[in-house]
Amino acid sequence: MTVEQSSPIGLYSPAQWQAINVLGQQVDVRLQQLGVDLTMGGEPTYIDAADPNALEWTYAALGEGKRQRAEALLLQLQRRLTPPGSLRHYGIGKLYPGEAIPRWALGCFWRSDGEPLWRSPSLLAVPDQNAHHTWQQAQTFMHELLLCLGIPDQAVLAAQDADLDHPTGYVLPFLTVLHQGRPTWTSCSWTVWAEAGAVPLVPGETPIGMRLPLGDLPQPEAFATEALPQLTDAAIRPEAIASLAAPNSIQLALCIEVRQGVLHVFLPPIASARSFVDLLTALEATAESLDLPVVLEGYGPPWNQGIQGFQFTPDPGVLEVNIHPVGSWTELVDLHTALDDEAFACGLTCERYGLDGRPLGTGGGAHITIGGSTPTASPLLKRPDLLRSLITYWQHHPSLSYLFSGQFIGPTSQSPRVDEARHDSLYELEVAFLSLAPGATVPPELLHPLLGPFLADITGNTHRTALCIDKLFPPDNPALQLGLLEFRSFEMPAHPELRLLQMLLIRALVAWFWQTPFTQPLRRWGTALGDRYLLPHYLQQDFAAVLQQLTEAGYGFQADWFIPFWERRFPRYGQIALVDNPARSLEVRAALEPWPVIGDLSQAGTSRHVDNSLERIQLRLRGAVGDPPAGQATRYAVLCNGHPVPMRSTDVPGDYVGAVRFRARTLVGIESLVADHPSLAPHSPLTFAVVDTWQQRIVGRAVYHIQSPDGSLYDQAPITPAAAQARMGERFSPQFKVQPLGEIPPLISHPDTPLTLDLRLASQRSVN
């Protein structure tokens, strides 16, 4: 494949990208003709380009540099992607087990109907803005806001840290309720702190909205609940209500404080978009009247009520972008090109390298979601047989699970296949599929109970699965009834055009299955998933079948478009020509190896510990033709560390493929004591030999080093492509001297892995 940097996208030649773009437009036309309201979103992840080996960009979720990169990217994307009237929001994210406080979530939001959420950009401050606001201005802001909301002054309490002689901020118990048949705002008195005159804050540096001692409030007999008016309702113009709600009946609060010289407003969780919009209107009117720009933080807007947007959240080692969904191919191209342009301009990248120099993704994934412009319009809810088709087709083709995924695969990974979990899941899924026949009507609330138990990992976690329906229509969680299917087995590609090609592949599958449901029985791969389909040769065969079927359906994907995926996923470590004939060669290429979670450490924090001590390589012998002597299957044999490798014909004359599984490294610390087979030493280096059994001699040798050839350990991953390529090259050494043949031990194979030499078995048996 010719790569031209002058390409309008960057990775492909202009002719290639034009062909991809034409196919994207053709798929759009077909979706429109079929009446499929398809939108696509995703969760791209990025790392720091200058310091990818820092803790916050390898293991830790939080870090000062990550927050700074996110804030810079937020400003850039608001400028480039959002319509006038968008809202910049510095919110709180998820609270994970083992972490003391929720992570942050920086977002930008706008109304789908084109009306502004926030009219004046100058009244939205940024956290590090050079301002000198005071606590007295915070008090004034709260007083003016009360007038706008129509809430009596006595509802407000000061909030104070123990080491200050003035209020830290001000707290307003706050809720939207139905009053005389219409939604309006109300508050209540928090009597427990009335005598003290201030709410004593929990010590910390987080916003005061996260440091309120709400556990000290007495539990009321009945909590006030929020009304759910529609966003399309007329704007609320409340007048002061006669009385407050019952004391302590509201457990939510709006908070105002000055932090680092800037006025911050902490928003409580608000269930309805109408209430959220009206509160913003009141806040902006107050900021305008006082000429006081504010930072809005706390809880963001409710999803799926006419407000859309994107958010940045910190994940272990990466910055995750929850990008908003769009409907057309052109919108996808514009959105993801802009996203990567601005991310790179802010010092981020979506490419890293392993210690050994292998090209990798960010390590954080790039999940893809599909749905509709509204949950009720979702193709998956309108045609549940589409869900069955996608699940079945993914199960039929291991290449869809493994070609685009990251290093962490297998039953305990973040995206296990349905047949990597429970052994009975295929049978049970087929029973469930009887309810998803083409033309069948299935209530949305039945889809999760119907499929959820089988779309899960081995622990029953429905979020960690290759095709996740957590946001489809869970009956017990209205906030997540979004009509979405999440494809989780996608690693973050190094280039935006590769990510777009993945999305185009899914779009074409949706169009195909909408017209022709895929209802074949599920396949029983058995142990082949852990042997045959961990090798690039067999995955390429499987993926070629996918492309052929799509072509027959009218969607002409070209195989060479996917070459970058194959070369990055399965890099070639080296190749040697045989001395008896240069046309004959042995190629050594990376293969896949599942990483099991270390069970004894799986609950030790927010990240799960995995055993990555094993690796697998594919050996490919080409040009090994010739009639063997009587009693011999082939002329050539391949040895690794003196042990025969089971080589199988690829159906091309003289072309054979086999694999070697080996211990690449020893884990350190407590992991070394609880990982699998801790007594086994690494099998480094690997020595390969090609034997001519006719001539009884070795006609090709090479040494592959897992670490540096001098025996030292790499302590930092390379940063530049040149350094990574140099590290890859130095670890493979051809040996040109022809040597006499010694005794060849018998082939050691296992019925579960007939294509693989497992050096753990071979080395122990040779000793015993």
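The values are calculated or read from the model by the stated rules, or taken from the named source; none is laboratory data. Computed from a predicted structure; not experimentally measured. Glycine also receives a Cβ, built like all others from the backbone with ideal geometry; neighbour counts cover every protein chain displayed. Ligands, DNA and RNA are excluded from the accessible area calculation, which covers all protein heavy atoms including side chains. Shrake-Rupley method; radii C 1.70, N 1.55, O 1.52, S 1.80 Å.
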message = List pairs: first residue in the range 515-538 and closer than 30 Å to V36 by Cβ, second residue among the aromatic types (F, W, Y) anywhere in the structure, Cβ distance under 7 angstrom, at least six positions apart or on different chains.
response = F518/Y393
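Take the residues in the range 235-256 that are in contact with a Leu (Cβ under 8 Å, 6 or more places away or on another chain) and more than 15 Å from C148 (Cβ to Cβ); name whichever of them is modelled with the lowest pLDDT. Quick ask: steps written out before the conclusion?
So the first thing to find is which residues in the range 235-256 are in contact with a Leu (Cβ under 8 Å, 6 or more places away or on another chain), and the list is 238, 245, 248, 250-256.
Add one more test, that the residue is more than 15 Å from C148 (Cβ to Cβ), and what stays is 245, 248, 250-253, 255.
Values: A245: 84, N248: 88, I250: 89, Q251: 89, L252: 91, A253: 95, C255: 97.
Residue satisfying both the conditions and the ranking: A245.
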message = Can you tell me which of (1) open to solvent by 50 Å² or more (accessible area, probe 1.4 Å); (2) within 28 Å of the chain's Cα centre (by Cα) is the one S413 doesn't meet?
response = (1)
remark   = Of the conditions (1) on the phi > 0 side of the Ramachandran plot; (2) touching a Gly at 6+ places or on another chain (Cβ under 9 Å), the single one that Q696 does not satisfy is (2)
ask   = Taking the range 145-163 on its own, how many of its residues are open to solvent by less than 60 Å² (accessible area, probe 1.4 Å) and part of a helix (DSSP H, G or I)?
value = 5
ask   = Just to be sure, is D710 free of Cβ contacts under 8 Å to residues at least 12 places away in the same chain, over 32 Å from the mean Cα position of the chain (by Cα) and either over 30 Å from I47 (Cβ atoms) or open to solvent by 70 Å² or more (accessible area, probe 1.4 Å) (or both)?
value = yes
remark   = Reported set for the range 546-576 where residues are open to solvent by 60 Å² or more (accessible area, probe 1.4 Å), under 30 Å from Y636 (Cβ atoms) and not in a helix (DSSP H, G or I) is R572, Q575
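Restricted to the range 78-103, and to residues that are of a type in the set (G, A, S) and part of a loop (DSSP other than H, G, I, E, B), which residue is most open to solvent (accessible area, probe 1.4 Å)?
In the first step, residues of the range 78-103 are kept if they are of a type in the set (G, A, S); the result is 85-86, 91, 93, 98, 100.
When the remaining residues are screened for being part of a loop (DSSP other than H, G, I, E, B), the result is 85-86, 93, 98, 100.
Working: G85: 16, S86: 12, G93: 29, G98: 86, A100: 102 Å².
Within the range 78-103, the match that is most open to solvent (accessible area, probe 1.4 Å) is A100.
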note = Pairs returned, first residue in the range 122-139 that is assigned to a helix (DSSP H, G or I), second residue that is open to solvent by 80 Å² or more (accessible area, probe 1.4 Å) and modelled with pLDDT of 90 or more, beta-carbon separation under 7 angstrom, 6 or more apart or interchain, are L123/E288
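Does A630 satisfy being under 23 Å from E743 (Cα atoms), small (G, A, S), at pLDDT below 85 and open to solvent by 40 Å² or more (accessible area, probe 1.4 Å)?
Details: under 23 Å from E743 (Cα atoms): yes; small (G, A, S): yes; at pLDDT below 85: yes; open to solvent by 40 Å² or more (accessible area, probe 1.4 Å): yes.
Judged against the criteria, A630 is a match.
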task = Report the residue count in the range 418-469 for those that are open to solvent by 70 Å² or more (accessible area, probe 1.4 Å) and at pLDDT below 90.
result = 5
query = Of the residues in the range 450-487, how many are in contact (Cβ under 8 Å) with a residue 40 or more places away in the chain and farther than 18 Å from I409 by Cα?
reply = 11
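Within the range 292-308, does at least one residue satisfy the condition of being within 16 Å of Q139 (Cα to Cα), in contact with a helix residue (DSSP H, G or I) (Cβ under 9 Å, 6 or more places away or on another chain) and of a type outside the set (V, I, T)?
yes
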task = Could you check, for the range 687-709, whether at least one of its residues is at pLDDT 85 or above, touching a helix residue (DSSP H, G or I) at 6+ places or on another chain (Cβ under 8 Å) and farther than 14 Å from N641 by Cβ?
result = yes
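Listed here are the residues, each with its yes/no results for (1) at pLDDT 95 or above; (2) surrounded by fewer than 18 Cβ atoms within 10 Å (Cβ to Cβ); (3) under 30 Å from P754 (Cβ atoms).
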{"residue": "P475", "(1), (2), (3)": "no, yes, no"}
{"residue": "L482", "(1), (2), (3)": "no, no, no"}
{"residue": "S489", "(1), (2), (3)": "no, no, yes"}
{"residue": "M492", "(1), (2), (3)": "no, no, no"}
{"residue": "L522", "(1), (2), (3)": "yes, yes, yes"}
{"residue": "T527", "(1), (2), (3)": "no, yes, yes"}
{"residue": "Q541", "(1), (2), (3)": "yes, yes, yes"}
{"residue": "A544", "(1), (2), (3)": "yes, yes, yes"}
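Out of the residues in the range 39-64 that are in a loop (DSSP other than H, G, I, E, B) and touching a helix residue (DSSP H, G or I) at 6+ places or on another chain (Cβ under 8 Å), which is surrounded by the most Cβ atoms within 10 Å (Cβ to Cβ)? Let's see the steps before the verdict.
First, the residues of the range 39-64 that are in a loop (DSSP other than H, G, I, E, B): 44, 49-54, 58-63.
When the remaining residues are screened for being touching a helix residue (DSSP H, G or I) at 6+ places or on another chain (Cβ under 8 Å), the result is 44, 49, 51, 54, 62-63.
Numbers: P44: 26, A49: 18, D51: 13, A54: 16, L62: 15, G63: 17.
Among those that are in a loop (DSSP other than H, G, I, E, B) and touching a helix residue (DSSP H, G or I) at 6+ places or on another chain (Cβ under 8 Å), it is P44.
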inquiry  = Scan the range 689-706 and tell me whether some residue there is open to solvent by 80 Å² or more (accessible area, probe 1.4 Å), within 21 Å of Y573 (Cβ to Cβ) and not small (G, A, S).
reply    = no
query = Of all residues in the range 633-651, how many are surrounded by fewer than 17 Cβ atoms within 10 Å (Cβ to Cβ), among the aliphatic types (A, V, I, L, M) and at pLDDT 90 or above?
reply = 0
request  = Identify all residues within the range 104-119 that are open to solvent by 10 Å² or more (accessible area, probe 1.4 Å) and among the small types (G, A, S); write none if there are none.
outcome  = S112, G114
ask   = open to solvent by 30 Å² or more (accessible area, probe 1.4 Å), hydrophobic (A, V, I, L, M, F, W, C) and assigned to a helix (DSSP H, G or I) - does that describe any residue in the range 319-334?
value = no
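This table checks each residue for (1) at pLDDT below 95; (2) among the polar types (S, T, N, Q).
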| residue | (1), (2) |
| --- | --- |
| P293 | no, no |
| P302 | yes, no |
| F312 | no, no |
| V318 | no, no |
| T330 | no, yes |
| E342 | no, no |
| C350 | yes, no |
| L360 | yes, no |
| T374 | yes, yes |
